[in-house]
Amino acid sequence: SAVISQKPSRDICQRGTSLTIQCQVDSQVTMMFWYRQQPGQSLTLIATANQGSEATYESGFVIDKFPISRPNLTFSTLTVSNMSPEDSSIYLCSVEVMNTEAFFGQGTRLTVV
Amino acid sequence: DAKTTQPPSMDCAEGRAANLPCNHSTISGNEYVYWYRQIHSQGPQYIIHGLKNNETNEMASLIITEDRKSSTLILPHATLRDTAVYYCIVRPGPYGQNFVFGPGTRLSVLP
């Protein structure tokens, strides 16, 4: 299994500002995934983050808006840049262990006002 | 797009078995069936997964039809804490494939 810690758990931010979300895993993992869950919706993958390389973004998500860092095998950050109210969502990081199930953090609940 | 179809909502009486169906008629031979649940905006929680055979663990049982086009997640004795959104996901076995979440089934366990 894997234990994932996300910080902050929630935040209220002003539009036009940026927020960096941290994801710490208690074991080394090759890939980390970042998801967004808009209010009342299911999860949508933002990007896949590999250590030592650029993140791979899904359609509709761009690096300028959601820059990701992956400095080592246990840590990653997602930044939500130049925020607008439409960015109000829960952001979750996820890792996969032992080629089986994925583990998820508890999420960061972001409200943009 | 998600490759599965689930009913949007279901009710179940506390203490009874909850049977959650999932259709995945386009599943490929190398794709596994996974079930996750999300309790009130927490992160999704792994429940069970399988390829062909029925599977059981301490949380639930997974019944996969012989043609693999559908499956059923069974919670044998539902409790109020099992109230959640349940997601059925199919994905290839190899490491590194992300999970594609559909809308899921909102299960309400009633006292």
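The combined condition, being at positive phi and either modelled with pLDDT under 95 or within 14 Å of chain B (Cβ to nearest Cβ) (or both), is fulfilled by A:Gly60. Would you be able to say whether some residue in the range A:93-110 is more than 26 Å from B:Tyr32 (Cα to Cα) and touching a Gly at 6+ places or on another chain (Cβ under 7 Å)? Within the range A:93-110 (the criterion being more than 26 Å from B:Tyr32 (Cα to Cα) and touching a Gly at 6+ places or on another chain (Cβ under 7 Å)), the answer is no, since none of the residues qualifies. Taking the criterion of being part of a loop (DSSP other than H, G, I, E, B), open to solvent by less than 80 Å² (accessible area, probe 1.4 Å) and in contact (Cβ under 8 Å) with a residue 40 or more places away in the chain, the residues of the range A:23-66 that qualify are A:Ser27, A:Val29, A:Thr30, A:Gln38.
Filtering A:Ser84, A:Ser69, A:Ser88 for residues that are open to solvent by 30 Å² or more (accessible area, probe 1.4 Å), more than 13 Å from the chain's Cα centre (by Cα) and away from chain B (no Cβ under 11 Å) leaves a single hit, A:Ser84. Selection within the range A:1-22: residues that are open to solvent by 70 Å² or more (accessible area, probe 1.4 Å) and of a type in the set (Val, Ile, Thr). The member of this set that is farthest from the other protein chains (Cβ to nearest Cβ) is A:Ile12. Inclusion of B:Leu51 among residues that are over 28 Å from A:Arg109 (Cβ atoms), within 14 Å of chain A (Cβ to nearest Cβ) and open to solvent by less than 10 Å² (accessible area, probe 1.4 Å) is not warranted.
Within the range A:6-26, can you find the residues that are at positive phi and within 13 Å of the chain's Cα centre (by Cα)?
As a first pass, look at the range A:6-26 and keep what is at positive phi: A:16.
Those that are at positive phi and within 13 Å of the chain's Cα centre (by Cα): none in the range A:6-26.
The strands (runs of 3 or more DSSP E) located wholly in the range B:59-109 that include 2 or more residues which are open to solvent by less than 10 Å² (accessible area, probe 1.4 Å) and touching a residue at least 40 places away in the same chain (Cβ under 8 Å) occupy B:70-75, B:84-92.
A residue that is in contact (Cβ under 8 Å) with a residue 60 or more places away in the chain, within 12 Å of chain A (Cβ to nearest Cβ) and surrounded by fewer than 17 Cβ atoms within 10 Å (Cβ to Cβ) occurs somewhere in the range B:1-16.
The values are calculated or read from the model by the stated rules, or taken from the named source; none is laboratory data. Quick caveat: nothing in here was measured; it's all calculated off a predicted structure. Heads up, the Cβs are rebuilt from the backbone with ideal geometry, glycines too, and the neighbour counts pull from every protein chain shown. Heads up: the accessible areas ignore ligands, DNA and RNA and are worked out on the full protein's heavy atoms, side chains in. Shrake-Rupley method; radii C 1.70, N 1.55, O 1.52, S 1.80 Å.
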